[in-house]
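Here the structure is laid out as C-alpha coordinates; the discussion comes afterwards.
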Amino acid sequence: MQVTYKIKKSFRRSISMTISDDGTVLVKAPHFVSEKEVQDFIVSKKSWVTKHIEKTLATNEKVNELGILTKDEIKKIKKEAKKIIPERVKYYASLSGITYGTISIRLQKTCWGSCTAKGNLNFNCLLVLMPPEVLDSIVVHELCHRRHMDHSKDFYAEIDRIFPEYKKWNKWLKDNGDVYLKRAEGKNI
Ligand SMILES: [Zn+2]
(Lines give C-alpha, C1' and ligand atoms only; values in the text may rest on other atoms or scores of the structure.)
Protein backbone atom coordinates (compact mmCIF):
# COMPACT_ATOMS: atom_id res chain seq x y z
CA MET A 1 0.00 0.00 0.00
CA GLN A 2 1.19 3.47 -0.91
CA VAL A 3 1.33 5.60 2.22
CA THR A 4 1.32 9.40 2.10
CA TYR A 5 2.52 11.19 5.19
CA LYS A 6 2.96 14.68 6.54
CA ILE A 7 5.35 15.62 9.32
CA LYS A 8 4.67 18.30 11.88
CA LYS A 9 7.66 19.11 14.04
CA SER A 10 7.33 20.68 17.43
CA PHE A 11 8.85 20.77 20.89
CA ARG A 12 7.92 17.30 21.99
CA ARG A 13 9.76 14.24 23.15
CA SER A 14 8.30 11.41 21.13
CA ILE A 15 6.73 10.63 17.78
CA SER A 16 2.98 10.18 17.48
CA MET A 17 0.82 9.35 14.54
CA THR A 18 -2.80 9.78 13.45
CA ILE A 19 -4.64 9.06 10.21
CA SER A 20 -6.43 12.07 8.73
CA ASP A 21 -9.81 11.95 7.01
CA ASP A 22 -8.30 11.54 3.55
CA GLY A 23 -6.08 8.65 4.62
CA THR A 24 -2.86 10.67 4.99
CA VAL A 25 -0.63 9.75 7.90
CA LEU A 26 0.00 12.75 10.13
CA VAL A 27 3.20 12.40 12.11
CA LYS A 28 4.01 14.67 15.03
CA ALA A 29 7.70 14.53 15.79
CA PRO A 30 10.35 16.31 17.87
CA HIS A 31 12.66 18.71 15.99
CA PHE A 32 15.68 16.40 16.23
CA VAL A 33 14.05 13.49 14.40
CA SER A 34 15.13 12.96 10.77
CA GLU A 35 12.84 12.12 7.87
CA LYS A 36 14.42 8.67 7.69
CA GLU A 37 13.53 8.07 11.33
CA VAL A 38 9.95 9.11 10.66
CA GLN A 39 9.77 6.67 7.75
CA ASP A 40 11.22 3.90 9.90
CA PHE A 41 8.67 4.72 12.56
CA ILE A 42 5.79 4.41 10.05
CA VAL A 43 7.21 1.12 8.74
CA SER A 44 7.51 -0.24 12.29
CA LYS A 45 3.77 0.39 12.77
CA LYS A 46 2.89 -0.89 9.34
CA SER A 47 -0.02 -3.12 10.30
CA TRP A 48 -1.64 -0.41 12.45
CA VAL A 49 -1.16 2.16 9.67
CA THR A 50 -2.54 -0.10 6.94
CA LYS A 51 -5.52 -1.13 9.02
CA HIS A 52 -6.46 2.46 9.84
CA ILE A 53 -5.95 3.81 6.33
CA GLU A 54 -8.09 1.00 4.93
CA LYS A 55 -10.81 1.73 7.45
CA THR A 56 -10.75 5.46 6.69
CA LEU A 57 -10.91 4.89 2.93
CA ALA A 58 -13.71 2.33 3.28
CA THR A 59 -15.65 4.80 5.43
CA ASN A 60 -15.19 7.56 2.83
CA GLU A 61 -16.36 5.24 0.10
CA LYS A 62 -19.49 4.32 2.04
CA VAL A 63 -20.18 8.00 2.79
CA ASN A 64 -19.91 8.86 -0.92
CA GLU A 65 -22.14 5.96 -1.81
CA LEU A 66 -24.87 6.88 0.69
CA GLY A 67 -24.43 10.62 0.32
CA ILE A 68 -24.22 13.49 2.77
CA LEU A 69 -27.45 14.06 4.68
CA THR A 70 -29.29 17.28 3.87
CA LYS A 71 -30.72 19.58 6.54
CA ASP A 72 -34.21 18.40 5.66
CA GLU A 73 -33.24 14.77 5.98
CA ILE A 74 -31.70 15.41 9.39
CA LYS A 75 -34.85 17.19 10.54
CA LYS A 76 -36.87 14.13 9.54
CA ILE A 77 -34.42 11.81 11.27
CA LYS A 78 -34.70 13.89 14.44
CA LYS A 79 -38.46 13.78 14.35
CA GLU A 80 -38.39 10.03 13.92
CA ALA A 81 -35.81 9.67 16.71
CA LYS A 82 -37.97 11.69 19.11
CA LYS A 83 -40.74 9.19 18.53
CA ILE A 84 -38.74 5.95 18.62
CA ILE A 85 -36.01 6.51 21.22
CA PRO A 86 -38.27 7.38 24.19
CA GLU A 87 -40.30 4.23 23.45
CA ARG A 88 -37.18 2.07 23.61
CA VAL A 89 -36.04 3.78 26.82
CA LYS A 90 -39.44 3.18 28.39
CA TYR A 91 -39.39 -0.46 27.34
CA TYR A 92 -35.96 -1.25 28.78
CA ALA A 93 -36.53 0.86 31.89
CA SER A 94 -39.63 -1.09 32.81
CA LEU A 95 -37.95 -4.37 31.91
CA SER A 96 -35.05 -3.66 34.27
CA GLY A 97 -36.78 -1.54 36.91
CA ILE A 98 -34.43 1.38 36.24
CA THR A 99 -35.70 4.96 36.56
CA TYR A 100 -34.58 7.95 34.52
CA GLY A 101 -35.11 11.70 34.19
CA THR A 102 -35.53 13.58 30.96
CA ILE A 103 -34.55 12.39 27.49
CA SER A 104 -32.93 14.70 24.97
CA ILE A 105 -32.25 13.81 21.39
CA ARG A 106 -29.78 15.76 19.32
CA LEU A 107 -27.45 15.46 16.41
CA GLN A 108 -24.12 14.87 18.12
CA LYS A 109 -20.73 14.89 16.47
CA THR A 110 -18.88 12.23 18.38
CA CYS A 111 -21.11 10.75 21.04
CA TRP A 112 -23.94 8.20 20.76
CA GLY A 113 -25.41 8.60 24.18
CA SER A 114 -24.78 9.85 27.69
CA CYS A 115 -26.31 9.81 31.14
CA THR A 116 -26.02 12.56 33.75
CA ALA A 117 -25.75 12.03 37.51
CA LYS A 118 -29.41 13.03 37.77
CA GLY A 119 -30.41 10.34 35.33
CA ASN A 120 -31.09 12.58 32.35
CA LEU A 121 -30.38 10.76 29.12
CA ASN A 122 -29.00 12.09 25.84
CA PHE A 123 -29.04 10.25 22.56
CA ASN A 124 -27.71 10.91 19.09
CA CYS A 125 -30.61 11.00 16.59
CA LEU A 126 -28.48 9.19 13.96
CA LEU A 127 -29.00 5.96 15.91
CA VAL A 128 -32.40 5.51 14.28
CA LEU A 129 -30.71 5.03 10.90
CA MET A 130 -28.97 1.89 12.13
CA PRO A 131 -30.21 -1.63 12.87
CA PRO A 132 -32.66 -1.39 15.82
CA GLU A 133 -30.38 -3.54 17.98
CA VAL A 134 -27.73 -0.81 17.87
CA LEU A 135 -30.14 1.75 19.30
CA ASP A 136 -31.22 -0.78 21.94
CA SER A 137 -27.62 -1.43 22.94
CA ILE A 138 -27.03 2.29 23.54
CA VAL A 139 -30.32 2.70 25.40
CA VAL A 140 -29.41 -0.19 27.71
CA HIS A 141 -25.85 1.14 28.13
CA GLU A 142 -27.10 4.54 29.31
CA LEU A 143 -29.80 3.08 31.54
CA CYS A 144 -27.24 0.84 33.23
CA HIS A 145 -25.25 3.94 34.15
CA ARG A 146 -28.10 4.58 36.59
CA ARG A 147 -26.79 1.60 38.54
CA HIS A 148 -23.07 1.99 37.83
CA MET A 149 -21.64 5.39 36.86
CA ASP A 150 -18.53 3.75 35.37
CA HIS A 151 -17.48 1.14 32.85
CA SER A 152 -16.65 -1.52 35.43
CA LYS A 153 -17.16 -5.27 35.21
CA ASP A 154 -20.34 -4.91 37.24
CA PHE A 155 -21.63 -2.35 34.76
CA TYR A 156 -21.12 -4.69 31.79
CA ALA A 157 -22.59 -7.61 33.75
CA GLU A 158 -25.71 -5.52 34.29
CA ILE A 159 -25.92 -4.76 30.55
CA ASP A 160 -25.48 -8.43 29.79
CA ARG A 161 -28.44 -9.36 31.97
CA ILE A 162 -30.73 -6.96 30.13
CA PHE A 163 -29.31 -7.14 26.61
CA PRO A 164 -27.13 -10.23 26.04
CA GLU A 165 -26.24 -9.27 22.45
CA TYR A 166 -24.60 -6.04 23.58
CA LYS A 167 -21.04 -6.92 22.51
CA LYS A 168 -22.05 -7.85 19.00
CA TRP A 169 -23.95 -4.62 18.35
CA ASN A 170 -21.41 -2.46 20.09
CA LYS A 171 -18.82 -3.83 17.70
CA TRP A 172 -21.14 -3.09 14.81
CA LEU A 173 -21.33 0.52 15.99
CA LYS A 174 -17.55 0.74 16.34
CA ASP A 175 -17.11 -0.59 12.81
CA ASN A 176 -19.86 1.44 11.14
CA GLY A 177 -20.61 4.45 13.31
CA ASP A 178 -18.11 6.75 11.58
CA VAL A 179 -20.02 6.48 8.31
CA TYR A 180 -23.14 7.93 9.95
CA LEU A 181 -21.21 10.69 11.74
CA LYS A 182 -19.51 11.70 8.50
CA ARG A 183 -22.76 11.72 6.57
CA ALA A 184 -24.03 14.36 8.99
CA GLU A 185 -20.78 16.28 9.33
CA GLY A 186 -20.97 20.04 9.38
CA LYS A 187 -24.68 20.08 10.05
CA ASN A 188 -25.87 21.93 13.13
CA ILE A 189 -29.58 21.63 13.54
ZN1 LIG B 1 -20.86 4.67 29.24
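In angstrom, the C-alpha Rg and Dmax of the chain are 20.2, 61. Only helical runs count toward this figure. For the chain, summing -39,500 (n - 2.57) over DSSP H runs of n ≥ 4 and dividing by all residues gives -17500 deg cm²/dmol at 222 nm.
Let me check against my output: what whole-number percent is the relative contact order of the chain, with C-alpha pairs under 8 Å and at least 6 apart? After rounding, I find 18 percent. Residues considered: Val43, Val139, Val179. Largest GNM mean-square fluctuation over the chain, using C-alpha springs under 10 Å, is found at Val43. Which of rounded, prolate, oblate describes the stretch 5-66, given a ≥ b ≥ c as roots of the alpha-carbon gyration tensor eigenvalues and a/c under 1.5 marking rounded, otherwise prolate only if a/b is larger than b/c? Judged from the Cα gyration tensor, the stretch 5-66 comes out prolate (a/c at least 1.5, a/b above b/c).
Modelled spin labels at Asn120 and Trp172, positioned 7 Å past Cα toward Cβ, are 3.1 nm from each other. Taking Cα atoms only, the orientation of helix 46-66 departs from the longest principal axis of the chain by about 60 degrees.
Quick one: check the C-alpha center-to-center distance for the stretch 107-149 versus the stretch 6-51, whole angstrom. Taking the Cα centre of each part, the stretch 107-149 and the stretch 6-51 sit 35 Å apart.
Shown here for the stretch 1-75: chymotrypsin sites (Phe, Trp or Tyr not before Pro) in loop regions (DSSP other than H, G, I, E, B) with at most 14 other Cβ atoms within 10 Å, namely Phe11, Phe32.
Taking trypsin sites (Lys or Arg not before Pro) in DSSP loop conformation with at most 16 other Cβ atoms inside 10 Å as exposed sites, the chain has its longest uninterrupted site-free stretch at 46-108.
With axes computed from alpha carbons, what is the tilt in degrees of helix 166-183 against the longest principal axis of the chain, rounded to the nearest 10 within 0 to 90? Between helix and principal axis, roughly 70 degrees. Bridge orientation summary for the stretch 11-138: considering DSSP beta bridges with both residues in this region, about 65 percent are antiparallel. Exposed loop sites here mean GluC sites (Glu not before Pro) with a DSSP loop assignment and at most 16 other beta-carbon atoms within 10 Å; the chain contains its longest site-free run at 1-164. Remark: accessible surface ordering of Leu107, Leu135 (largest first) is Leu107, Leu135, probe radius 1.4 Å.
With a threshold of 28 Å on the Cα-Cα distance, the over-threshold entries among Lys51/Lys82; Lys75/Lys174; Lys8/Lys168 are Lys51/Lys82; Lys8/Lys168.
Basic side chains Lys and Arg get +1 at the Cβ, acidic Asp and Glu get -1 at the Cβ, and with that the dipole of the stretch 5-66 about its Cα centre reaches some 380 debye.
The values are calculated or read from the model by the stated rules, or taken from the named source; none is laboratory data. Values in this document were obtained by computation on a predicted structure and should not be read as measured data. Cβ atoms come from the backbone with ideal geometry, glycine included; neighbour counts cover every protein chain shown. Accessible surface areas use protein heavy atoms only, side chains included; no ligands, DNA or RNA. Shrake-Rupley method; radii C 1.70, N 1.55, O 1.52, S 1.80 Å.
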